[in-house]
1. I'd like to check something: does region 109-122 contain any residue that is under 26 Å from Val58 (Cβ atoms) and over 21 Å from the mean Cα position of the chain (by Cα)?
2. What are the residues in region 140-195 that are closer than 20 Å to Ser54 by Cα and among the hydroxyl-bearing types (Ser, Thr, Tyr), if any?
3. Take Met152 and decide whether it is touching a residue at least 60 places away in the same chain (Cβ under 8 Å) and assigned by TED's automatic domain parsing to the domain that holds Ser107.
4. Determine if region 159-171 includes at least one residue that is touching a helix residue (DSSP H, G or I) at 6+ places or on another chain (Cβ under 9 Å), touching a residue at least 12 places away in the same chain (Cβ under 8 Å), exposed (fewer than 15 other Cβ atoms within 10 Å of the Cβ) and more than 22 Å from Arg82 (Cβ to Cβ).
5. Tally time: how many residues in region 104-130 are surrounded by fewer than 16 Cβ atoms within 10 Å (Cβ to Cβ) and touching a Leu at 6+ places or on another chain (Cβ under 8 Å)?
6. Taking the criterion of being of a type outside the set (Gly, Ala, Ser), outside the structural domain of Pro52 (by TED's automatic domain parsing) and in contact (Cβ under 8 Å) with a residue 60 or more places away in the chain, would at least one residue in region 202-211 satisfy it?
7. Go through region 255-290 and give me each residue that's under 19 Å from Glu198 (Cβ atoms) and assigned to a helix (DSSP H, G or I).
8. When you scan region 73-98, how many residues do you find that are at pLDDT below 80 and not in a loop (DSSP other than H, G, I, E, B)?
Amino acid sequence: MSPNKARRNAVVAIIAATALCMLSACATAPHAFSSDPLAIMGGDASWYAVVPVSGNKVLLEELAHNMDNPQSVKNVLNRTNRIYLSGTLLQDESSGLLPFKILATGSYPKSMASIAFSSSRGWEKQGAVFGSVWFKNGYFGAAIPRKGLVCMSDSALMPGMLENVQKPFLEPIAVDPLFRASVEQPDTDSQITVFISEASYFLQLILGSNITFAAQNILITASPDAGSKGEDYRVGVRITLADQRNARALATLFRIVLNVPIHIENNTLIVNEQKMTAKELAHKFYFLYL
């Protein structure tokens, strides 16, 4: 990615963190979903992720080091229960950004929206959409449509998210059963899970455009290692391919390039869990975002 686009993505991350920090001083009951939180973000995403705050504060604080006012980011983590994310692997041509959506649940009072997203911080109040006022800061949009729930996304995508929040029921998004289980886990569960539906394109991004595999999806898990106090993680990867032939071919390439233990179950390539420090994992997340 070019330096200009990297800076734009970094600015978006800083705006999001700063906005959440303004909510950290006020408590309210966490939001309870009546529909699938993934469906609120929509079914057109290339990937989804679930990040529980419990057990992952060391990792999230490492990520905060790359943002302005990291102490404020750390403070807001005390008010946040879980973060749901979705996005696309294709950049928006007009902004150069990777379109994304974020849902954060925690102790966020709805009345704090006008303070958190004030004009003095560059936010512009938008008209009510489906009963919810939202705020815009450049390409970035944010809203607190209900107490305990914060919505953030590219500003062009915010009206659609707010419409979904107001619907009493949404058809659940079709995802891998293992990822669905992570979505439905209680907030006390610490496993971070990423589900990539556009797996073939993702593999092209990391392996090169001349190497193609018929991949169906990718599941990445990162769990704090027991007894490490969140300082060490166990990271695993499952890649489901169209057939065993593709799985064997990709396994051969991975053994050469990655030099990590791999095994195959039917048409799924499994990279055995690898140990990684929170700092190393934060660096990989930050690198991928930029």
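The values are calculated or read from the model by the stated rules, or taken from the named source; none is laboratory data. This is a predicted model, so every value here is computed, not measured. A quick note on method: Cβ atoms are made from the backbone with ideal geometry, for glycine too, and the neighbour counts reach across all protein chains shown.
1. We begin by selecting, within region 109-122, every residue under 26 Å from Val58 (Cβ atoms); these are 116.
From what's left, over 21 Å from the mean Cα position of the chain (by Cα): 116.
Scanning region 109-122, I find at least one residue that is under 26 Å from Val58 (Cβ atoms) and over 21 Å from the mean Cα position of the chain (by Cα), so the answer is yes.
2. Result: Ser182, Thr188, Ser190, Thr193.
3. Working: touching a residue at least 60 places away in the same chain (Cβ under 8 Å): yes; assigned by TED's automatic domain parsing to the domain that holds Ser107: yes.
When the stated conditions are applied, Met152 passes them.
4. No, every residue in region 159-171 fails to be touching a helix residue (DSSP H, G or I) at 6+ places or on another chain (Cβ under 9 Å), touching a residue at least 12 places away in the same chain (Cβ under 8 Å), exposed (fewer than 15 other Cβ atoms within 10 Å of the Cβ) and more than 22 Å from Arg82 (Cβ to Cβ).
5. So the answer is 1.
6. Applying the first criterion (of a type outside the set (Gly, Ala, Ser)) to region 202-211 yields 202-207, 210-211.
Filter once more, so that each one left must be outside the structural domain of Pro52 (by TED's automatic domain parsing): 202-207, 210-211.
Next cut, in contact (Cβ under 8 Å) with a residue 60 or more places away in the chain only: 202, 205.
Checked against the condition, which is being of a type outside the set (Gly, Ala, Ser), outside the structural domain of Pro52 (by TED's automatic domain parsing) and in contact (Cβ under 8 Å) with a residue 60 or more places away in the chain, region 202-211 yields at least one hit.
7. Matches in region 255-290: Phe285, Leu288, Tyr289.
8. From region 73-98, those at pLDDT below 80 are 73-79, 89-98; that's our starting set.
Those left that are additionally not in a loop (DSSP other than H, G, I, E, B): 73-77.
Looking only at that region, the number is 5.
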